[in-house]
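The values are calculated or read from the model by the stated rules, or taken from the named source; none is laboratory data. These numbers were taken from a predicted model, which means no experiment stands behind them. Counting neighbours? That spans all protein chains shown, and the Cβs are built from the backbone with ideal geometry, glycine included.
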Amino acid sequence: MLNLDQVTVLDGGLATELEARGHDLSGRLWSARMLCDEPTEIEDVHLAFYRAGAQVAITSSYQASFDGFAREGIDGTGAAMLMRRSLELAERARARRLAELSVGAELHVAASIGPYGAARADGSEYRGYDGVTRDDLVSFHAPRLAELVDAGAELFAVETLPAVEEAVVVRDLLAAHPQVRAWISFSCRDGATISDGTAIEDAVAEAVASPQVIAVGVNCLEPSLVEELLARAARITARPLVAYPNDGRIWDAGARSWSGASAAFGPDSVLRWRDLGARLIGGCCGVGPAAIERIAATLAS
C-alpha cells in the first residue's frame, strides 16, 4: 500500500497520451474503447508514465461501466471482462517497469472509479447532476466496484466527482470491501466549491468520514484553482491531500473535445501543493509523460 508519509507521483492523462499516439477517442466510451480495440496500447502508455517517474498507474476503467458498455452493445459478461482487463494492463506495465529497474522501486496500481457523469458522456462530471437519485448512483457504482475488487484491486482512485452525494455513495459502498483503500478527488468550479456548488470543506468532511478513504483532494480542474482548494481542505482534515489538475482547458461535451488555452503548471506550484499537504501529485487530461517527468524531478530535488 502507499506510503503517504512521503509524496507519491501519480501518472497523467491516459487518454491524452493515447490521442497523441494517433488514436481517436471521440466516442462515448472515450479511453475505455481501447480496452476493446487495442489494449496493448493502454499498457504501453502506462509504461510510458512509469518510465517518466510516475509511481502510480491509474487504470483505464474511468469510463468503463456496465451501463456505459451496455449502451455500446456489450453485455454484462463482456463488460466485466473489459474492466478486469483494465487492471491486468496496468499490472503488466508495472511488472515491465520493475523488470527494467536495477534497484527496487515502490510502484502501484490504482483502479479508477470515474463519476456517473462520465458514462452519460454529457459533461455532467464538471457540473453535477439534476434528477439523479442516490439509488441511481448506487446501482451505477456498486457492480463496477465489486467487479474490480474481485479482480484483485486493493487501491482505488475515485476521481472527478462533481457531487458530494456521489462521494458519500462511493464512500459507503467501500464498507462492503473492508480490505480496500481509496482516495476521493473532486472536480471543482472555482477555488471554493466543487462542481455541484458544495463548499470544498463540506465535500472533504463527507469524504473522510470513512477510514478507508486514505486521501482526499481535487483533479481535472484548472491548475490555478488547486492551491486555494487544498488550503481549504487542509483546514478540515489532517489526511493526505491529492492534486492532479488538467492542463487548464475546458471539456466541450458536445464536440467531444477540449477547448481553450493550456495553462501548464510549473515547479513552484507543485512545491506549494506539497507544502499544503498534498502527498499524491500528478496530472490529468492534457498532462503527458514529459510533464510527469518534470513533476517527478521537482519533487525529487
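Which residue, of A231, A278, is at pLDDT 95 or above, crowded, with 18+ Cβ neighbours inside 10 Å and not polar (S, T, N, Q)?
A278
If only one of A203, A182, A192 is of a type in the set (A, V, I, L, M, F, W, C) and surrounded by fewer than 21 Cβ atoms within 10 Å (Cβ to Cβ), which one is it? First the steps, then the outcome.
Details: A203 fails: surrounded by fewer than 21 Cβ atoms within 10 Å (Cβ to Cβ); A182 fails: surrounded by fewer than 21 Cβ atoms within 10 Å (Cβ to Cβ).
Residue meeting the stated conditions: A192.
Restricting the search to the range 98-119, which residues are at pLDDT below 90 and either closer than 20 Å to S86 by Cα or among the β-branched types (V, I, T) (or both)?
V103, A118, A119
Taking the residues in the range 13-54 that are among the hydroxyl-bearing types (S, T, Y) and within 15 Å of S112 (Cβ to Cβ) as candidates, determine which candidate is modelled with the highest pLDDT. Write out each step before concluding.
Here is the first cut: in the range 13-54, the residues among the hydroxyl-bearing types (S, T, Y) are 16, 26, 31, 40, 50.
Keeping just the survivors that are within 15 Å of S112 (Cβ to Cβ) gives 16, 31.
Details: T16: 89, S31: 71.
Ranking the candidates gives T16 first.
What pairs come up if the first residue lies in the range 139-154 and is surrounded by fewer than 17 Cβ atoms within 10 Å (Cβ to Cβ), the second is modelled with pLDDT of 95 or more and part of a loop (DSSP other than H, G, I, E, B), and their beta carbons are under 6 Å apart, counting only those six or more places apart or on different chains?
Pairs that qualify, where the first residue is surrounded by fewer than 17 Cβ atoms within 10 Å (Cβ to Cβ) and the partner is modelled with pLDDT of 95 or more and part of a loop (DSSP other than H, G, I, E, B), are E154/V180.
Taking interchain pairs and intrachain pairs at least six residues apart, which have beta carbon atoms under 6 angstrom, with the first residue in the range 159-184 and at positive phi and the second at pLDDT 95 or above and outside any loop (DSSP other than H, G, I, E, B)?
These pairs meet every condition: T160/N219.
Is it true that R51 is of a type in the set (K, R), out of contact with any Pro (no Cβ under 9 Å at 6 or more places or on another chain) and more than 19 Å from E159 (Cα to Cα)?
no
Give me the pairs, please: first residue somewhere in the range 8-34 and closer than 30 Å to A278 by Cβ, second residue anywhere and part of a helix (DSSP H, G or I) and of a type in the set (K, R), beta-carbon distance under 7 Å, and either six or more positions apart or on two chains.
L25/R33
Could you run through the range 194-206 and say how many residues are outside any helix (DSSP H, G or I) and either of a type in the set (K, R) or farther than 22 Å from G283 by Cβ (or both)?
4
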